[in-house]
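*Asks:* Structure below; questions to follow.
The values are calculated or read from the model by the stated rules, or taken from the named source; none is laboratory data. Predicted model, so just to flag it, every value in this text is computed and none were measured. Neighbour counts are summed over all protein chains in view; Cβ atoms, including those assigned to glycine, are modelled from backbone coordinates with ideal geometry.
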Amino acid sequence: MPLNTQLIGKTYDEIEFAVERDRVNQFLDAIGDDTPVFRDPEAAKAAGYADQVAPPTFITVIQTMTSSQVVLDKELGLDYSRVVHGVQSYAYERPLVVGDVISATPRLTSIETRRSNEFLTIESEVHDANGELVLTARSTLISRGTGGP
Amino acid sequence: MTAQVDFDDVKVGDEIPVRSKVVKREDVKAYADASGDQNPLHQDDSFAQMVGFPGIIAHGMFTMAHLTSTLTGWVGDPAALKSVDVQFRAVVYMDDTIEAGGRITELDPDARTAKLDVWVRLERDGVTEYPIKNSTAEVQLA
């Protein structure tokens, strides 16, 4: 069944998230990155950062929460077992560091049908505690086989 | 901190050093826990088989993390990565060896930035697959 295109433009709840050392270290273990500015607070400070730097895709931790609001929106009619991740883009103003408290507000920006698939795009601007933009994330999820008649 | 790669030392067509790694089941499980993405497609072989795969597949974001580690490792400063735009085009199975790379396509002498085509590829049964292709990144060079 096709997705509910009436929801294009819908803004979901803001999610707040603290960038904690343990989460960053757990993430680094999983991706196998031992770069000193990511791993070591002293190396990060020597390089001019306030604390350990979170790697560029760490923001996926908060996106799991922001996207799930969209994915689980009953009005959208998405069957998660049909969903694959199609596109991911990030535009960075600065790296996240341990101690940042950030907030993200996801918005469903488009639903497009291509052949039998539907492509839904979610954008989130991520701001820090001072209200400064840290990064913009855009994800496109593919709902396989729901675009056909 | 600034980038460790000087703008004056690169040219269009240059490739960055390739980084490869073998994708292990325990790493993908660790990634599910670290990212919070607990989709059974990445953890449960019988679920993956039910939706048409021979076994579990890695998260797209797991593969993208390897690409961004390759980029920040090359440029030498995480703040130098200005943007990255990735398309996921093929799946990654356990014990696949993924190779991340990139090639400079455009240089801006005023901003001292470089645009790159970036990819992640693998060889499986004599066939080359691109889990990430048609993808780009922009970096600030020194």
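*Asks:* Within the stretch A:62-86, restricting attention to residues that are facing chain B (nearest Cβ under 8 Å) and either surrounded by 19 or more Cβ atoms within 10 Å (Cβ to Cβ) or assigned to a loop (DSSP other than H, G, I, E, B) (or both), which residue is modelled with the highest pLDDT?
*Replies:* First pass over the stretch A:62-86, keeping only residues facing chain B (nearest Cβ under 8 Å): A:64-65, A:80-81, A:84-86.
The next check asks that each one be either surrounded by 19 or more Cβ atoms within 10 Å (Cβ to Cβ) or assigned to a loop (DSSP other than H, G, I, E, B) (or both); those that pass are A:85-86.
Working: A:His85: 91, A:Gly86: 95.
If we take residues in the stretch A:62-86 being facing chain B (nearest Cβ under 8 Å) and either surrounded by 19 or more Cβ atoms within 10 Å (Cβ to Cβ) or assigned to a loop (DSSP other than H, G, I, E, B) (or both), then A:Gly86 is modelled with the highest pLDDT.
*Asks:* If you scan the stretch A:87-98, which residues turn out to be assigned to a strand (DSSP E or B) and either at the interface with chain B (Cβ under 7 Å from one of its Cβ atoms) or under 19 Å from B:Phe62 (Cα atoms) (or both)?
*Replies:* The initial filter retains those residues of the stretch A:87-98 that are assigned to a strand (DSSP E or B), namely A:87-92, A:97.
Residues satisfying the conditions are A:Val87, A:Gln88, A:Ser89, A:Tyr90, A:Ala91, A:Tyr92.
*Asks:* Please work out if B:Ala79 is in a loop (DSSP other than H, G, I, E, B) and either touching a residue at least 40 places away in the same chain (Cβ under 8 Å) or of a type in the set (Lys, Arg) (or both).
*Replies:* Judged against the criteria, B:Ala79 is not a match.
*Asks:* Taking the stretch B:80-118, which residues are in contact with an Asp or Glu (Cβ under 9 Å, 6 or more places away or on another chain), surrounded by 14 or more Cβ atoms within 10 Å (Cβ to Cβ), within 14 Å of chain A (Cβ to nearest Cβ) and over 22 Å from A:Pro95 (Cβ atoms)?
*Replies:* B:Arg89, B:Ala90, B:Val91, B:Val92
*Asks:* Separate question: Between a first residue in the stretch B:1-16 that is within 14 Å of another protein chain (Cβ to nearest Cβ) and within 19 Å of B:Pro78 (Cα to Cα) and a second residue that is aliphatic (A, V, I, L, M) and exposed (fewer than 15 other Cβ atoms within 10 Å of the Cβ), which pairs have beta carbons less than 9 Å apart while being 6 or more apart in sequence or on different chains?
*Replies:* Hits for this filter: B:Met1/A:Ala46.
*Asks:* For the subset of the stretch B:37-64 comprising residues that are more than 18 Å from A:Met65 (Cα to Cα) and small (Gly, Ala, Ser), which member is surrounded by the most Cβ atoms within 10 Å (Cβ to Cβ)?
*Replies:* Top of the filtered list is B:Ala58.
*Asks:* Go through the stretch A:22-48 residue by residue and tally those that are part of a helix (DSSP H, G or I) and either away from every other protein chain (no Cβ under 13 Å) or within 18 Å of the chain's Cα centre (by Cα) (or both).
*Replies:* Going through the stretch A:22-48 one residue at a time, the tally reaches 9.
*Asks:* Still on this structure, I have one more. Among (1) out of contact with any strand residue (DSSP E or B) (no Cβ under 9 Å at 6 or more places or on another chain); (2) farther than 27 Å from A:Ala47 by Cα, there is one condition B:Ala65 misses while meeting the rest; what is its number?
*Replies:* Single failed check for B:Ala65: (2).
*Asks:* For the stretch B:1-46, which positions are part of a loop (DSSP other than H, G, I, E, B) and of a type in the set (S, T, N, Q)?
*Replies:* B:Thr2, B:Gln4, B:Gln38, B:Asn39, B:Gln43, listed by residue number.
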